[in-house]
Amino acid sequence: MSLGSVITAIVTPFDDELRVDEAAFLGLFRHLIDHGSDGIVVCGTTGEAPTLSDEEHLRLIELACAERPAGATVIASTGSNNTAHACEMTARATELGADAVLSVTPYYNRPNRRGLVRHFTEIARATDKPVVLYNVPSRIGLSLTHDLLAELAQVENIDYVKQADNAALAQIDGLGLYAGNDDGFATALDLGGLGGILVASHLVGPQMRRMVDEPERRAEIDASLKPLYAALSTTTNPIPVKAALNLVGHRVGGVRLPLVDADEAELAAIRKGLQEVGLA
């Protein structure tokens, strides 16, 4: 089973007081589905989950599940470095109707291999929906190795991996492969992966859809989007993508501390990236 090929890790729009803007969230969700996305990851890092309360987090999952457009997939990000909390959020997201859950490698406390296996096994037991493992060593300082992923693939309900280490992109028996970085999307598809959990698809969803549908032009399209990938890496995600969305007319507001809005130099780089792909 595929959860889709182009999955957008949706930002969480805020109003001028940095309160969650539910109407803007749903409007952006619909826009994404109309412009190439098969579904969304809600309340991931791009959605500023670290600064959302559990109430806000679960409300966004509830909204997404209740209001999703026909055929759209909702993947709820419910990971934590506290296994009990991750299991609780996973169970709640399942009750709310999520199609799958995304669970990140535990950060900061950095468990050993036995701890990692038990952590993800407990999360998988908290749901009857597919679990997407999220390997992102640049944020965690710990990587899920290929042999550990193969072991975790044997756990019931662990069905996919979001691989955000481009150097480690590979097919693992028993796990559907999703790229975790925009600039790894083409590679994952070339490897026979299912697609990507992406950020640039907020802005160039149709082009990223064409990378799936037109494999003979995949490399060409990917190369044309590299200036945008670079612009969206100007500073910490999701600062650049929220700035870019605001620049092109999607009102998503600012970011919550400890993140800060893009400064003038960063905005100039973001504008340049948008111009180079014909968006400004």
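The values are calculated or read from the model by the stated rules, or taken from the named source; none is laboratory data. Note that the coordinates shown come from a computational prediction; the quantities given were computed from them, not determined experimentally. Cβ atoms come from the backbone with ideal geometry, glycine included; neighbour counts cover every protein chain shown. Each accessible area value is taken on the protein alone, full model and side chains, heavy atoms only, with ligands, DNA and RNA left out. Shrake-Rupley method; radii C 1.70, N 1.55, O 1.52, S 1.80 Å.
The set of residues in region 4-21 that are part of a strand (DSSP E or B) and more than 12 Å from the chain's Cα centre (by Cα) comprises Phe14, Val20. Of all the criteria given as (1) modelled with pLDDT of 95 or more; (2) among the hydrophobic types (A, V, I, L, M, F, W, C); (3) over 13 Å from the mean Cα position of the chain (by Cα), the one not satisfied by Val104 is (3).
Figure legend. Inter-residue proximity from region 35-47: first residues more than 28 Å from Leu257 (Cα to Cα), second residues among the small types (Gly, Ala, Ser) and in a loop (DSSP other than H, G, I, E, B), beta-carbon distance below 8 Å, spacing 6+ or different chains. Indicated pairs: Ser37/Gly4; Ser37/Ala72; Asp38/Gly4; Asp38/Ser5; Asp38/Gly71; Asp38/Ala72.
In this entry, Ala170 passes the filter for residues that are in a loop (DSSP other than H, G, I, E, B), more than 21 Å from Gly39 (Cβ to Cβ) and open to solvent by less than 60 Å² (accessible area, probe 1.4 Å).
Of all residues in region 189-219, those satisfying the criterion of being outside any helix (DSSP H, G or I) and either out of contact with any Pro (no Cβ under 9 Å at 6 or more places or on another chain) or surrounded by fewer than 24 Cβ atoms within 10 Å (Cβ to Cβ) (or both) are Leu191, Gly192, Gly193, Leu194, Gly195, Gly196, Ile197, Leu198, Ala200, Glu214. The C-beta contact set for region 101-114 (first residue basic (Lys, Arg), second residue open to solvent by less than 90 Å² (accessible area, probe 1.4 Å), distance under 6 angstrom, 6+ apart or interchain) comprises Arg110/Leu142.
Kindly evaluate Asp15 against the criterion of being under 17 Å from Asp159 (Cα atoms), open to solvent by 20 Å² or more (accessible area, probe 1.4 Å) and modelled with pLDDT of 95 or more. Considered against the rule, which asks whether it is under 17 Å from Asp159 (Cα atoms), open to solvent by 20 Å² or more (accessible area, probe 1.4 Å) and modelled with pLDDT of 95 or more, Asp15 comes out as no. The residues listed here are Ala76, Ala66, Ala24, Ala86; of these, the one that is more than 21 Å from Tyr134 (Cα to Cα) and either assigned to a loop (DSSP other than H, G, I, E, B) or open to solvent by less than 50 Å² (accessible area, probe 1.4 Å) (or both) is Ala24.
Checking each residue in region 260-271 for being open to solvent by less than 70 Å² (accessible area, probe 1.4 Å) and in a helix (DSSP H, G or I) picks out Glu266, Leu267, Ala268, Ala269, Ile270. Search region 223-253 for residues being closer than 17 Å to Lys272 by Cβ and of a type in the set (Val, Ile, Thr), and hand back the single one that is surrounded by the most Cβ atoms within 10 Å (Cβ to Cβ). If we take residues in region 223-253 being closer than 17 Å to Lys272 by Cβ and of a type in the set (Val, Ile, Thr), then Val241 is surrounded by the most Cβ atoms within 10 Å (Cβ to Cβ). Figure legend. Inter-residue proximity from region 54-69: first residues within 15 Å of Val101 (Cβ to Cβ), second residues basic (Lys, Arg) and open to solvent by 50 Å² or more (accessible area, probe 1.4 Å), beta-carbon distance below 7 Å, spacing 6+ or different chains. Indicated pairs: Leu58/Arg92. Determine, yes or no, whether Leu257 is over 18 Å from the mean Cα position of the chain (by Cα), modelled with pLDDT of 95 or more and either within 26 Å of Glu22 (Cβ to Cβ) or open to solvent by 20 Å² or more (accessible area, probe 1.4 Å) (or both). Answer is yes for this residue.
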